[in-house]
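The values are calculated or read from the model by the stated rules, or taken from the named source; none is laboratory data. As the structure is a prediction and not an experimental result, all values here were calculated from the model. Backbone-built Cβ (ideal geometry, glycine too); neighbour counts: all protein chains shown. The protein model used for the area step is the full one, side chains on, heavy atoms only, and it has no ligands, DNA or RNA in it. Shrake-Rupley method; radii C 1.70, N 1.55, O 1.52, S 1.80 Å.
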Amino acid sequence: MKKLLLNCLLCCFITCLLTLTPAIGAEGLQAVIKTTTGNTITVTSIAPDGRIEFTPEGGKKVQILFKDITSIESNSETRESTVTTHDGKVHKMMRANIFVGYSAYMSFTGTDQNGEDANGTITGSDIVSMVFSKAAAAPAQPEPQATGSDEAEPAQAVSMPTADPTARPKVPSKRLPTGNLDYCYEQVNEFNKQIDGFIDKYNRFKAEEKLYEPCKARGGVESFNLLAIQIEVQLLLSDMIGYYYSALLDGWETTDPDVTPLHAGIGNAIKKAAQVEYWTCINPAEKLDAARPDFFKNWDKIRLLAFEAMIQTTKMNNAQQGQELMETAKSRVASAEKYFADEGAQPHPALLRLKAEVERLEKECEAGFKSAGNAKDEAYAAWEALNAEKERLNNIMYEIENGQIHPNDFASFIEKLEKFEKADSAAMREKIEMLGKTCGTDLYQLESAMEKLLGKNPSGWDWSANVKYFDKIIKAITPLRKDLGDAIAAQANQELNGISSYADDIRADKFEELKDLVKLGLRYDPHNTDLIDLTSKVEEAATSDAAALTKQIAERQWPGDHKGFSGPGTPAELNQAALDYFNSTCKPTEKALKSCIVESDWYCFKRNIFGQPIQWALTFWVAVDVEGETSDDIVYAWSISFLTEENVGVEKAPPFKWAAFNFKQKMKRANVPGLK
């Protein structure tokens, strides 16, 4: 009898075990969804931890899981949802959201009314109604077979193996979705396959002292070797952590035997990652609480950002970029803290660890940030001073850049140019040297260096524009000097060739002006060969001309009245009229002494529109004394045309009303008859 009782108990135990096993494996709910487009979707399996949630005004967020819901009815116009739960209660929700997982599109197994796969085709806002039925049916299990004997064999003691806490149970311990757990275990394996390669690469770069050498990270982003390795590790680790916390969101607990083996797997991954200096905020023993699975990936990215800021500041001498990156990291930490505050929840421990780590990295940057702040102030001050100098010197620099200097301005421009070279440019160079101390002396890298230190110029102009403009002006001076030297040489040659056309009394002055012009040209270009040759040529020509002029003065004769002159008027009366007009209109230092008619006839000086003569002229030589210019031995002989009044029908006769000067020259007083 005792044997029979034991056999019966054993059979009951086996039957119960076989009956419960499929129930444990069942994962999804069934439902029928109607959408705003009129489509009907038959859902054969949807996660029971899907939810509808809303936050009432002034209250806390309310969530109801699918496993507790009978139906959902939504009005797209009023945005009101009516939720009926299994206990018969009806809940009204305004602006509620429906989620399955954390993607906007719902994940489930099912087909639409056309038989097409409907998974991932709708969001919560597309739902008009959703009616749930029972969980997906479990397949029937075979009944336990009888032993064929009325008297059962005595029950044998069953030896149950001890569970390995580091191994995942072959049969899930709970009736919950296992997809995220599966992916997490797979990602642990994938991490273990790849991490050693990254560790080897890290060790190689470290041995070669190339950890901070620039490179392209994933996606072609500018980076450096150490950070590029850490980015790859972060991608591997973040996928693992994302699946882990998504499994917790599925309902698994950190203490479940299905989950605890992952603690060792993830813990080992974290230790391996540390070998490439990778830091993570993750502790898999902690619950999800108010956090969401994707938060941990983002928090680790924030730490990477702060780490890069520290490296840029302490290793790469780029504190400006380090400051910008650190400010971004701190801002993102603050945003994460705000999320928890808005939810009315305590910050997750992982976030607190991240905040402390960012603060630690920022402290390492303190000296660099302070130095960058000083450098920034110095660079900006130097830029402002340079900008002020440029404004002050705009006019002269424009003239140098333009290069079009009028010959009349040659003498004044050389004064401005030499002042710019000796004094003004020195002031400009001083400001540029100040800038070079903080931003470097490479002209082609200056803009990027200044932008790193000062950020983008709010004016839209380049920070380095004035430096480059000044460099352009300095380089333009030498060719400008040469061009102006050539222009002056050409002008001097032309004037030398035509100097004989000047009156005797001003030719000496013209030679002096020409000498000054050649000297001016040599100030522009001391090495101009034409100007160097002209120096001696002009001197020789002036000396030769002075000797010739002395000879001409000595030989020049008074012409006397033209023998062919026949009037009207007599030479005597006309000469007297000319002397009277000259002496009544001349300067106090001038006096006409004698005159003679030098042309055979009067000539028409002016006609009216009809061609009628309205003014006549007669040309004379007039012997003139000029105080300070003539002497007891020398007198001027001026050629002057004396003019009648202007009138139709005017006579060829005095009185003279105007005079037109033709030329003047010197001669011996003794060669003028009648002069003492």
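Details
Every residue, every condition in (1) small (Gly, Ala, Ser); (2) loosely packed, with under 15 Cβ neighbours inside 10 Å; (3) under 29 Å from residue 341 (Cα atoms), yes or no:
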{"residue": "44", "(1), (2), (3)": "no, yes, no"}
{"residue": "52", "(1), (2), (3)": "no, no, yes"}
{"residue": "75", "(1), (2), (3)": "no, yes, no"}
{"residue": "88", "(1), (2), (3)": "yes, yes, no"}
{"residue": "118", "(1), (2), (3)": "yes, no, no"}
{"residue": "122", "(1), (2), (3)": "no, no, no"}
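- Of all residues in segment 247-271, those satisfying the criterion of being open to solvent by 20 Å² or more (accessible area, probe 1.4 Å), of a type in the set (S, T, N, Q) and closer than 16 Å to residue 174 by Cα are 255, 260.
For every residue, the table says whether it meets (1) surrounded by fewer than 18 Cβ atoms within 10 Å (Cβ to Cβ); (2) basic (Lys, Arg); (3) under 17 Å from residue 659 (Cβ atoms).
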position	(1), (2), (3)
560	yes, no, no
563	yes, yes, no
572	yes, no, no
577	no, no, yes
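- Failed condition for residue 291, given (1) part of a loop (DSSP other than H, G, I, E, B); (2) surrounded by fewer than 16 Cβ atoms within 10 Å (Cβ to Cβ): (2)
- Looking across segment 212-235 at every residue that is more than 26 Å from residue 266 (Cβ to Cβ) and among the hydrophobic types (A, V, I, L, M, F, W, C), the one that is surrounded by the most Cβ atoms within 10 Å (Cβ to Cβ) is identified as 224.
- Residue 238 vs. criteria at pLDDT 90 or above and within 15 Å of residue 180 (Cα to Cα): no
- Note on segment 90-109: residues that are closer than 16 Å to residue 128 by Cβ and buried (at least 18 other Cβ atoms within 10 Å of the Cβ) total 4.
- Checking residue 336 against (1) more than 32 Å from the chain's Cα centre (by Cα); (2) farther than 26 Å from residue 195 by Cα, the condition it does not meet: (1)
- First in segment 563-590 and more than 16 Å from residue 639 (Cα to Cα), second anywhere and open to solvent by less than 60 Å² (accessible area, probe 1.4 Å) and of a type in the set (S, T, N, Q), Cβ under 7 Å, 6 or more apart: 564/600; 565/600
- Search result, residues across segment 95-134 that are farther than 21 Å from residue 249 by Cβ and modelled with pLDDT under 80: 95, 121, 125, 134
- Residues of segment 634-660 satisfying the condition of being open to solvent by 70 Å² or more (accessible area, probe 1.4 Å) and charged (D, E, K, R): 645, 646, 651, 657
- The number of residues in segment 77-86 being open to solvent by less than 90 Å² (accessible area, probe 1.4 Å), within 50 Å of the chain's Cα centre (by Cα) and either of a type in the set (D, E, K, R) or at pLDDT 85 or above (or both) comes to 1.
- Here the condition is being in a helix (DSSP H, G or I), under 21 Å from residue 311 (Cα atoms) and modelled with pLDDT of 90 or more; of 193, 210, 201, it holds for 201 alone.
- Residue match in segment 236-244 (condition: surrounded by 14 or more Cβ atoms within 10 Å (Cβ to Cβ), assigned to a helix (DSSP H, G or I) and aromatic (Phe, Trp, Tyr)): yes
- Single unsatisfied condition, residue 383 versus (1) modelled with pLDDT under 80; (2) within 30 Å of residue 290 (Cβ to Cβ): (2)
- Some residue of segment 32-50 being of a type in the set (A, V, I, L, M, F, W, C) and free of Cβ contacts under 8 Å to residues at least 60 places away in the same chain: no
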